[in-house]
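Participant: Next up is a structure, given as structure tokens.
Values quoted throughout were computed directly from the atomic coordinates according to the rules given, and no laboratory measurement underlies them. Remember, it's a predicted structure, so these values are computed and weren't measured experimentally. In this analysis, Cβ positions are derived from the backbone assuming ideal geometry, glycine residues included, and neighbour counts consider all displayed protein chains.
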Amino acid sequence: MAKSTLSFVCQNCGAAYNRWQGKCDACGEWNTLAEEDTTGSVPVSIRSKRKGRTFALESLSGKTQDAPRLSSGMGELDRVTGGGFVRGSVLLVGGDPGIGKSTLLTQATSMMARSGHRAVYISGEEAVAQVRLRAERLGLADAPVQLASETSVEDIVSTLSEGAVPRLIVIDSIQTMWTDTVESAPGTVTQVRASAQALIRFAKKTGAAIILVGHVTKDGQIAGPRVVEHMVDAVLSFEGEGSQQFRILRSVKNRFGATDEIGVFEMTGLGLREVTNPSELFLSERDLGSPGTAVFAGIEGTRPVLVELQALVAPTSLGTPRRAVVGWDPSRLSMVLAVLEAHCGVKLSGHDVYLNVAGGLRIQEPAADLAAAAALVSSLVNAPLPTDAVYFGEISLSGAIRPVAQTPARLKEALKLGFGRAILPESARGDAGGDAALSLNSVGNLTTLVAEIA
Ligand code: TYD
Ligand code: MG
């Protein structure tokens with residue numbers, strides 16, 4: 001028997017040490033080292049000195065498989081994966097417990113099974129009866145999904161190797177899986193990594209698409225194995241505020257598609273409903289006519305999304321005023337505040353500033369600068385902005401309003417949702433096309449905007 005080798009493995013990044021230490025040198029996290037038995041983490045066949053077998057080398061122009069992508073039957077899910085599941089690919093879906101990962105994937109497997117594909121759902125967390133109960137609630141109990149409650153990767157691979165190759169396999173979750181090839185306890189980095197590796201090998205060999213569910217730790221990382229993120233083809237993160245019904249599926253990494261795409265869902269009593277027009281949802285509970293709110297015409301991936309920015313500017317009682325922002329980049333907020341102070345004579349150093357993006361959306365675009373500035377000034381002077389206006393434009397350090405990409409798409413969405421005017425960069429007028437139905441109010445400089453509001 002091989003000598004047992006104990007080592008200390010960082011549960012965050014997977015780095016191994018031969019003695020315990022408080023801080024992991026590789027990722028800088030504290031208290032993440034745990035003792036693991038890594039005996040056999042390299043399979044016996046690799047350790048032995050056997051001669052490698054030869055394999056055939058192929059040409060680039062060889063036969064390709066047809067239909068490399070398979071639609072999940074859910075448009076919002078397909079949008080995020082880049083047009084459907086790619087054969088032989090492995091996808092990791094992360095998210096907080098209770099956010100709806102199992103619900104989403106039960107729906108996706110059922111859709112696939114209903115359209116005649118072999119779809120398998122393996123739960124390592126719930127008993128078969130519990131999964132059935134959920135399917136019943138979702139009205140999907142009749143879908144011909146193949147279901148099992150299993151945690152041994154070897155058993156799963158052997159079972160699925162029989163019969164037709166499954167088109168989709170869901171493993172819920174990767175943290176509950178274990179393999180015989182390593183001796184660590186299930187849930188440890190070594191186990192999760194080895195299990196993921198075995199499943200990835202199975203996907204590549206057979207062409208089945210595999211979705212791994214991953215739990216997320218309190219600081220938002222997919223728990224334990226950051227390494228798994230590097231091994232898979234795509235990482236999707238399922239997000240949402242617990243108290244709200246919206247759920248956003250975001251692509252964090254994707255070898256086969258764009259990473260700035262989002263899918264929007266609503267959690268209902270009958271499972272997740274796709275939201276094909278997110279703007280309507282994000283604007284559905286607007287505080288019409290109250291100061292401090294501005295509608296931003298943004299772009300998420302390939303799709304325009306209108307969302308309300310809410311600002312609160314109030315005199316501070318503290319020595320250092322507070323700046324808090326939810327859903328936007330705090331350093332961009334600081335920059336907008338600095339430009340307002342320096343170039344527009346707006347004094348904010350004695351005020352607390354809060355900025356919130358409604359609906360739990362996270363905006364990354366600098367194009368939101370203009371909407372944020374408008375909301376801030378509107379709150380400061382306590383004057384509501386026109387309710388039928390949308391804002392977009394990037395603010396430069398000099399206070400000039402710079403043009404942003406995809407002006408026509410933003411204007412079209414605003415028009416569709418019944419807005420009457422757009423406040424936009426001066427140079428964007430030319431890109432706007434002949435949308436005469438929307439009145440365009442171009443601003444060249446932040447000072448002009450401030451003068452108009454105040
Ligand atoms: P679940 O998919 O089990 O979450 P996860 O797998 O990410 O832990 O979803 C759990 C929550 O979703 C639970 O609080 C109940 C709620 N839910 C609904 O609101 N409607 C439904 O139809 C279903 C199935 C769940
Ligand atoms: Mg679950």
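Participant: Using the Cα centre as the reference, give the magnitude of the dipole from point charges on the C-beta atoms of the chain (Lys, Arg: +1; Asp, Glu: -1; all else neutral), rounded to the nearest 20 debye. If you can, show how the numbers build up before the last one.
Facilitator: Details: 43 positive and 47 negative charges, 280 e Å.
Dipole of the chain, to the nearest 20 debye: 1340 debye.
Participant: Could you give me the ³J(HN,Hα) list for region 249-255, computed from phi with Karplus coefficients 6.51, -1.76, 1.60 and θ = phi - 60°, whole Hz, x at Gly and Pro?
Facilitator: Once rounded to whole Hz, the list reads 9, 10, 8, 8, 8, 7, 6.
Participant: Please compute the length gained on full extension between residue 245 and residue 362, using 0.36 nm multiplied by the number of residues separating them and subtracting their Cα-Cα distance.
Facilitator: Numbers: separation 117, 0.36 × 117 = 42.12 nm, distance 1.56 nm.
Net length gain for the segment: 40.6 nm.
Participant: At q = 0.20 Å⁻¹, what is the log10 ratio I(q)/I(0) for region 281-453, with the Debye formula run over Cα points and no solvent?
Facilitator: -1.40
Participant: Next up: Between helix 128-137 and the chain, what is the angle of the helix's C-alpha long axis to the longest principal axis, kept within 0 to 90° and rounded to the nearest 10?
Facilitator: So the helix axis and the longest Cα principal axis differ by about 30 degrees.
Participant: A further question on this structure: Pull out a ≥ b ≥ c, the square roots of the eigenvalues of the alpha-carbon gyration tensor of region 267-373, then state rounded if a/c is under 1.5, prolate if not and a/b is larger than b/c, and oblate in the remaining case. Spell out each step's value before the answer.
Facilitator: Values: a/c = 2.41, a/b = 1.93, b/c = 1.25.
It comes out prolate by the Cα gyration axes.
Participant: Label points 7 Å out from Cα along the Cβ direction at residue 35 and residue 164: separation in nm?
Facilitator: According to this spin-label approximation, the distance is 5.1 nm.
Participant: How much of the DSSP beta bridge set in region 281-453 is antiparallel, as a percent to the nearest 5?
Facilitator: Details: 18 of 32 bridges.
Roughly 55 percent of the DSSP beta bridges within region 281-453 come out antiparallel.
Participant: Which order do 246, 238 fall in if you start with the one that has the fewest other Cβ atoms within 10 Å? Please list the in-between numbers first.
Facilitator: Numbers: 246 18, 238 24.
Ordered by Cβ neighbours within 10 Å, fewest first: 246, 238.
Participant: Measuring from centroid to centroid over Cα atoms, what is the spacing of region 224-288 and region 385-410 in Å?
Facilitator: 25
Participant: How much mean residue ellipticity at 222 nm does the chain get from its helices, if each DSSP H run of length 4 or more adds -39500 (n - 2.57) and you divide by all residues, to the nearest 500 deg cm²/dmol?
Facilitator: For the chain, the value works out to -7500 deg cm²/dmol.
Participant: Going by amide H atoms built from the backbone, whose H comes under 5 Å of the H on residue 92, apart from near neighbours?
Facilitator: 212, 234, 235, 236
Participant: Also, I was wondering about something else. Under a 5 Å amide H to amide H cut-off, with H placed in plane at 1.01 Å, what residues pair with residue 325 once short-range neighbours are removed?
Facilitator: The list, which skips near neighbours in sequence, is 355.
Participant: Still on this structure, please answer the following. Give the angle, between 0 and 90 degrees and rounded to the nearest 10, that separates the Cα long axis of helix 330-344 from the longest principal axis of the Cα atoms of the chain.
Facilitator: It is inclined by approximately 10 degrees.
Participant: Same structure, new question: Per 0.36 nm of contour for each residue apart, how much would the distance between residue 437 and residue 334 grow if the chain were fully extended, relative to their Cα-Cα spacing?
Facilitator: Numbers: separation 103, 0.36 × 103 = 37.08 nm, distance 3.53 nm.
The residue 437-residue 334 span can extend by a further 33.5 nm.
Participant: Please report the projected area of region 69-275's Cα convex hull averaged over all directions, in nm².
Facilitator: Numbers: hull surface 41.8 nm².
One quarter of the hull surface, i.e. the mean projection, equals 10.4 nm².
Participant: Okay, next question. Pick out, from 113, 186, 98, the residue whose Cα sits farthest towards the positive end of the charge dipole of region 69-275, with +1 on the Cβ of Lys and Arg and -1 on the Cβ of Asp and Glu.
Facilitator: 113
Participant: Which of 443, 139, 337 sits closest to the plus end of the dipole of the chain, meaning its Cα is farthest towards the positive end, when Lys and Arg get +1 and Asp and Glu get -1 on the C-beta?
Facilitator: Value: 139.
Participant: Rg and Dmax of the chain, using alpha carbons, in Å: what are they?
Facilitator: 26.0, 81
Participant: State whether region 246-308 is rounded, prolate or oblate according to the following rule on the C-alpha gyration tensor (a ≥ b ≥ c being the square roots of its eigenvalues): a/c under 1.5 gives rounded; otherwise a/b larger than b/c gives prolate, and the remaining case gives oblate. Mind dumping the intermediate values first?
Facilitator: Working: a/c = 3.01, a/b = 1.41, b/c = 2.14.
It is oblate, given that a/c is not under 1.5 and a/b is not larger than b/c.
Participant: Looking only at Cβ-Cβ distances, which cysteines of the chain have no other cysteine closer than 4.7 Å?
Facilitator: Unpaired cysteines in the chain: 344.
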